[in-house]
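Below is one structure; the comments refer to it alone.
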Amino acid sequence: MLGCLTARAALAQGVDPRGDWRTLATPHFRVHFPTTLDDQGRQAAAAAERAWGLLASELAPPRGPVDLVLTDNVDFSNGYAQRVPTNRIVIYAQPPIDASSLRAFYGDWLPIVITHELTHVFHLDRTRGVWRLAQGIFGRNPALFPNSYGPSWLTEGLAVYFESRLTGAGRIVGSQHRLIARAAAADAEIPRLDQLSLAGSVFPLGDRAYAYGSLVVDYIARHGGPQKVGDFVDRQSAQLIPWRLDHAARAAFGLSFTDAWRAWRDSVVRDVGARRDTSAWRELTRSGWFVESPRWADARTLLYGANDGRSVPALERVDVAGDRRRLGRRNSLSPNVPLPGGRVLFAQTDFTDRFEVRSDLWVQDASVGDPGFGAASRGQRRLTRGARLTSPDARADGSIVAVQSAAGLTWLVRVSPDGRTIVPLTRASADTQWTEPRWSPDGRIVAAVQLVRGGHSAVVVLDTTGRALVDAVRDRAVNGAPSWSPDGRRLYWSSDRTGAPQIYAADVRDLARVGPARRLSGVTTGLGDPAPSPDGRVLGALLFHVDGYHVAVTDEARLDAVATDGDATYYTAASRLAAEAERTTGATTRYRPWRSLLPRYWTPISGPSDGGSVTLGAATSGVDVLGRHSYAAQATMNLDTRDLEGGVAYRYARLAQPLVDLSASQSWVYDSTLVRASGVLDTVPLFRRSRTAALTLTFTRPRVRTGASLSVGALYEQRGYTSTFAPLVPRADSILGRSFPALFVSAGWSNTRRPVRSISPEDGVSLSGSVQQRWQEGRLGPWSRRATGVGRLFKSLDLPGFAHHVLALRAAGGATDARTATELTAGGVSGSSAEVLPGLTIGDPSRTFGVRGFAGGAQQGVRAAAGSVEYRAPLALPARGARLLPVFADRLFVTAFADAGSAWCPTSVSRTAQPLCLATASGAPSRRSPTSPTWMASVGAELGLDAALSYDVPYRFRLGVAAPVAQRDLAPSAVRVYFTLGLAF
């Protein structure tokens, strides 16, 4: 993956499979793109072939052609690679104009990101020794790629290393990763290798793995020689125990990663020393994390976008005394531009449908903000819809300048105050990108950042027609965040030309003769986003620390006294990218999914059957490159009875709405019942075979702040019965029936929040429900109806800890009529399950009427209800692993809970006509289902751990103890200890 900062990566929706897609074949790739991206697709094909040639001289090539998908359905930059079912790369065609870590020479962004993702393919596909033998048997089984067991800091570190080594650009050549390391060294908080994980919740989140991983890979490659990187990858791919990273590194480089890390860390500490050089700056905020684009609302107050990890992203304001207040929720961080009347202009991303995420302009009345965002969020008004606008600025008359993007291009536009009229200011070009426009105080000119192919960036001054008047600066560095002095005579910006972002300024009162650039700061750990106050006396900026960005201010005169002339540019590596974008010619063909949809692997599976014997079988799955078609299939045999079980599921996802799911399955249920034969009451087995087919149409409405879904479907179940007591079979047929067609509807809606560090959903409600009508044969017929509903309420409490404390409530109810053939059950631990290894599943199912401390289905009936209350509190944030072992513990939390639930059969239900009411689900024939709610209840506590296996794959583990306090005779013990996955609700 190219990057994972802030919440944007979480919005990724894969590929939009709709429309007309074309395929361009090259010697090593099949490049897929929509017709709207034909030119960019041909550029991607040329860049991919060039990257292949360069990587093949360093690493062993992967097997087979690589599918490369170029898509433009989201308004943020990212990309990812997959090794299963085939080697695939997906690139979002949005230039990285916002992420500072990706800006280094990003005028050539497409070759850089393709080189990065293709490195993943070369690295992860490499398989030797016993792993290659196993793949010869099981195919491209996801468990049989040894290099995929490596940590993210290694996987991403190699990709960043090669993106720079092979292009002369990218993040190793840039300054952002070294800035992160220097800030950590200055605060004596450089992490250990085992503290780097994509599952971690310490600033800067996943970028820790990218930054430190790339730096240590670069260091060890310089020590052993670049040619040894391929040797290391080969050794890693043959190790029987794939986590022996130090062993492979020592054999290849002559130095282990542990020793390389220690030596690199010491060199950074020596270079930085104890200097911070922040004496001229007074910090107004202490929370750190992600902060963007400070703007003065008045001479004493700054507005900025912030994400502190404990809360969702928001607009905040802070005054010069340090008084901070949150004003309104944000979907993504963006400049917040003060407007007359206390309003604020900003841009934010949101879903426009299931596949697209677009950025639009909004206006908010900041004067009504409150800590809960209630009034402030309701005061937000959308100006544009689907316009793909970012980085807005507004002048006194309300006219807006912003950046617009489409098809891999960006350009400047003017937008009317009401958002209805959008007029281009600059021309869209594949060789030039634009970002961060700012009006001059008099509104006659605009300063903006221009990024040009070849790695140069400039701060350009344009007139209101888009004509370039002068360059304030143009060099091979990352220049950004231009801003004006109140009188319009001075232009400020930030630049990393010295190796760390610093603030620069130039005199622009005479555009025919712009003064020289002067550096106004020298902060070791970096300073950016200059913001001069309206009275010209104070300069605001963002100061970088190990825990993130802090809003700081200083006196303007103090900076002028220490200003120096512009420095030499830090970047020295020569770009190896083409001077002009290359394109692959040739005919394209219509996209065909079938080649990529074929099964590529199978997995052996085994487990206990319903009757307690062992089943053995196999499973496989597949999905085409665009995700239009996907399927999963499995089949098992009971080794004792030779009964076959299994199923196949298929999804068609090309439509915007709905998702179409088809499934068919066969299963066996092994039960027993009482019969009287020759005057003797005896228990005999009754075997039920169930064959089921289903069609489901799912409509979804994803949004950043809410989510809704509606599913409608049809189900057909056919049952067959066998028994060692032959007369029981016709009796089962007449009572229980064989044919069960059904129709069902289910729906859900939620507006809960999940801050990055949260231990639970917060501040919202989640509602779900379902209704089913089933037609049936037998004595229970002719039909039955079933309905269930669940409501959840979450309230955060701003108490001490790395995350909010949360009070969580849950209530569930269900009813079916007396003719049902499927009972409602109460009891058991509710959680989730996961397959941690092929055939090894741990955890518990999600239970609608769970009651901890009791067995699953301790009560059954045709009515059921349950409720829970939980208090969830953060405990600790270890955020570390154990040396180079494949584990990572991130967050610890504790939960105190109380559960209650019951299932029953009302007296109106005849127990002769309804066998499900004769006994509890535990099988005790002498204990009938209660005729009214007989509440099981328990209290207890849980210790929760958010952790990662295989270094980076996140799981939530729960270790709990529950003590039944009502209906204890139904509980297996006075106190029950359990272990499961996920949240109870």
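Below, the figures for the structure above:
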quantity: Qualifying residue in the stretch 855-877 (condition: assigned by TED's automatic domain parsing to the domain that holds Val790, under 30 Å from Pro242 (Cβ atoms) and surrounded by 17 or more Cβ atoms within 10 Å (Cβ to Cβ)); calculated: yes
quantity: Near pairs, Cβ below 6 angstrom, 6+ apart or cross-chain, from the stretch 472-494 (in the same structural domain as Gly443 (by TED's automatic domain parsing) and part of a strand (DSSP E or B)) to any residue that is among the β-branched types (Val, Ile, Thr) and buried (at least 24 other Cβ atoms within 10 Å of the Cβ); calculated: Ala472/Val459; Val473/Val459; Asn479/Val459; Gly480/Val449; Pro482/Val459; Trp493/Val459; Ser494/Ile503
quantity: Qualifying residue in the stretch 78-92 (condition: out of contact with any helix residue (DSSP H, G or I) (no Cβ under 6 Å at 6 or more places or on another chain) and of a type in the set (Gly, Ala, Ser)); calculated: no
quantity: Failed criterion for Asp98 (all others in (1) among the acidic types (Asp, Glu); (2) surrounded by fewer than 24 Cβ atoms within 10 Å (Cβ to Cβ); (3) outside any strand (DSSP E or B) hold); calculated: (2)
quantity: Pro800 under 30 Å from Ser950 (Cα atoms) and not in a strand (DSSP E or B); calculated: no
quantity: Every residue from the stretch 572-598 that is surrounded by 13 or more Cβ atoms within 10 Å (Cβ to Cβ), modelled with pLDDT under 95 and assigned to a loop (DSSP other than H, G, I, E, B); calculated: Ala573, Ser575, Arg576, Leu577, Ala578, Ala581, Glu582, Arg583, Thr584
quantity: Answer residue from the stretch 397-439, given it is in a loop (DSSP other than H, G, I, E, B) and under 15 Å from Ser359 (Cα atoms) and is modelled with the highest pLDDT among those; calculated: Gly419
quantity: Residue count for the stretch 295-307, restricted to those that are touching a residue at least 24 places away in the same chain (Cβ under 8 Å) and either assigned by TED's automatic domain parsing to the domain that holds His550 or not in a strand (DSSP E or B) (or both); calculated: 1
quantity: Scan of the stretch 786-831 for residues that are under 27 Å from Val862 (Cα atoms), touching a Leu at 6+ places or on another chain (Cβ under 6 Å) and surrounded by 17 or more Cβ atoms within 10 Å (Cβ to Cβ), ordered by number; calculated: Leu793, Gly814, Arg819, Ala821, Glu823, Gly831
quantity: Residues that are among the β-branched types (Val, Ile, Thr) and within 25 Å of the chain's Cα centre (by Cα), drawn from the stretch 160-183; calculated: Val160, Ile172, Ile180
quantity: Residue match in the stretch 723-739 (condition: of a type outside the set (A, V, I, L, M, F, W, C), touching a residue at least 12 places away in the same chain (Cβ under 8 Å), assigned to a strand (DSSP E or B) and crowded, with 16+ Cβ neighbours inside 10 Å); calculated: no
quantity: Residues located in the stretch 803-836, provided they are under 30 Å from Gly944 (Cβ atoms) and aliphatic (A, V, I, L, M); calculated: Ala803, Val806, Leu807, Ala808, Leu809, Ala811, Ala812, Leu824, Ala826, Val829, Ala834, Val836
quantity: Criterion: modelled with pLDDT under 95, over 30 Å from Gln502 (Cβ atoms) and buried (at least 24 other Cβ atoms within 10 Å of the Cβ) - qualifying residue of Ala81, Ala51, Ala93, Ala104; calculated: Ala93
quantity: Number of the exception - Leu949 against (1) modelled with pLDDT of 95 or more; (2) surrounded by fewer than 19 Cβ atoms within 10 Å (Cβ to Cβ); calculated: (1)
quantity: Selected residue [more than 30 Å from Ala430 (Cα to Cα) and either among the acidic types (Asp, Glu) or out of contact with any helix residue (DSSP H, G or I) (no Cβ under 7 Å at 6 or more places or on another chain) (or both)] from Ala46, Ala143, Ala60; calculated: Ala143
quantity: Pairs with Cβ under 8 Å, 6+ apart, first in the stretch 48-63 and over 13 Å from Leu124 (Cα atoms), second part of a loop (DSSP other than H, G, I, E, B) and charged (D, E, K, R); calculated: Arg50/Glu582
quantity: Check on Ser973, at pLDDT below 95, in the same structural domain as Ala866 (by TED's automatic domain parsing), over 22 Å from His805 (Cβ atoms) and over 33 Å from the mean Cα position of the chain (by Cα); calculated: yes
quantity: Residues that are touching a strand residue (DSSP E or B) at 6+ places or on another chain (Cβ under 6 Å), of a type in the set (Lys, Arg) and within 22 Å of Ser77 (Cα to Cα), drawn from the stretch 386-428; calculated: Arg388
quantity: Residue in the stretch 832-854 that is surrounded by the most Cβ atoms within 10 Å (Cβ to Cβ), counting only those that are over 28 Å from Leu807 (Cβ atoms) and hydrophobic (A, V, I, L, M, F, W, C); calculated: Ile842
quantity: Of residues in the stretch 436-453 being surrounded by fewer than 23 Cβ atoms within 10 Å (Cβ to Cβ) and within 32 Å of the chain's Cα centre (by Cα), the one nearest to Val413 (Cα to Cα); calculated: Gln450
quantity: Residues being more than 20 Å from Ser440 (Cα to Cα) and either small (Gly, Ala, Ser) or within 24 Å of the chain's Cα centre (by Cα) (or both) - total across the stretch 390-410; calculated: 4
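Yes/no matrix, rows are residues, columns are (1) buried (at least 19 other Cβ atoms within 10 Å of the Cβ); (2) assigned to a strand (DSSP E or B); (3) in contact with a Lys or Arg (Cβ under 8 Å, 6 or more places away or on another chain); (4) touching a residue at least 12 places away in the same chain (Cβ under 8 Å):
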site	(1), (2), (3), (4)
Gln239	yes, no, no, yes
Ala263	no, no, no, yes
Phe290	yes, yes, no, yes
Val312	yes, no, yes, yes
Glu316	yes, yes, yes, yes
Ser334	yes, no, no, yes
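This table checks each residue for (1) crowded, with 21+ Cβ neighbours inside 10 Å; (2) modelled with pLDDT under 80; (3) on the phi > 0 side of the Ramachandran plot.
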| position | (1), (2), (3) |
| --- | --- |
| Pro501 | yes, no, no |
| Ala505 | yes, no, no |
| Arg519 | no, no, no |
| Asp529 | yes, no, yes |
| Pro532 | yes, no, no |
| Leu542 | yes, no, no |
| Ala557 | no, yes, no |
| Tyr570 | no, yes, no |
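The values are calculated or read from the model by the stated rules, or taken from the named source; none is laboratory data. All values reported here derive from a predicted model rather than from experimental measurement. Counting neighbours? That spans all protein chains shown, and the Cβs are built from the backbone with ideal geometry, glycine included.
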